[in-house]
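Trainee: Sharing a structure here in structure tokens format.
Only the coordinates and a few stated rules stand behind these numbers; no lab work does. All figures in this text were calculated on a predicted structure; none of them were measured in a lab. Don't worry about glycine lacking a Cβ; one is built from the backbone with ideal geometry, like all the others, and counts go over all protein chains shown.
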């Protein structure tokens, strides 16, 4: 099972691809799409194109993305929602199943506490996936989302069977 984890942002979108097989999760690739267009619309296009390329190259079976959460600034929340929409729309051609996770749920799944700091998440992701060397914050967040989903897949499977 190939999982694409996405941590969308209007300037930087973290991505990660992992493979989950029989309870084991293996690192494939991770990184950051830097949207550097001069207008917000151009940045959304860059996010779309970057995620579309990833989807075409890695053909994920499932996509895990951070769910919407409220910002203090409504304008920031709207921009984040649009970046999230651009990233998700770019995966639709391969028709993956999409799952959303709240930031606290991701931290809880990876670190063991929903109030974990970014550096704690980054450290645990590196340890869980045996990643040596530097790992950017956005890529680490995307890996954490993918790991959260990989560990939650059995629950999702049981829930869908009971319907």
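Trainee: How much length is gained if the chain between residue 38 and residue 100 is pulled fully straight, taking 0.36 nm per residue apart and subtracting their Cα-Cα distance, in nm to one decimal?
Mentor: Length gained between residue 38 and residue 100: 19.4 nm.
Trainee: Can you tell me the orientation of helix 137-161 relative to the chain, as the angle in degrees between its alpha-carbon axis and the longest Cα principal axis, to the nearest 10?
Mentor: The helix 137-161 is inclined about 50 degrees to the chain.
Trainee: Contact order normalised by length for the chain, with contacts defined as Cα pairs under 8 Å and 6 or more residues apart; what percent is it?
Mentor: Taking the mean separation of contacting Cα pairs over the length of the chain, I get 30 percent.
Trainee: Then there's this: If each DSSP helix of 4+ residues adds -39,500 (n - 2.57) and the sum is divided by the residues in the chain, what number results at 222 nm, nearest 500 deg cm²/dmol?
Mentor: -16500 deg cm²/dmol
Trainee: Sort 89, 10 so that the residue with the fewest other Cβ atoms within 10 Å of its own Cβ comes first and the one with the most comes last.
Mentor: In increasing order of surrounding Cβ atoms, one gets 89, 10.
Trainee: A follow-up question, please. If neighbour count is taken as other Cβ atoms inside 10 Å, put 34, 72 in order from fewest to most.
Mentor: The fewest-first ordering by Cβ neighbours comes to 72, 34.
Trainee: Order these by the 10 Å Cβ neighbour count, fewest first: 40, 99.
Mentor: 40, 99
Trainee: Continuing with the same structure: In the chain, what % of DSSP beta bridges are antiparallel (nearest 5)?
Mentor: If we restrict to bridges inside the chain, about 65 percent are antiparallel.
Trainee: Counting alpha carbon pairs within less than 8 Å and at least 6 residues apart, what relative contact order, in whole percent, applies to segment 31-89?
Mentor: 36 percent
Trainee: Then there's this: Using only the alpha-carbon atoms, how far is helix 40-58 inclined from the longest principal axis of the chain? Give it as 0 to 90 degrees, nearest 10.
Mentor: So the helix axis and the longest Cα principal axis differ by about 30 degrees.
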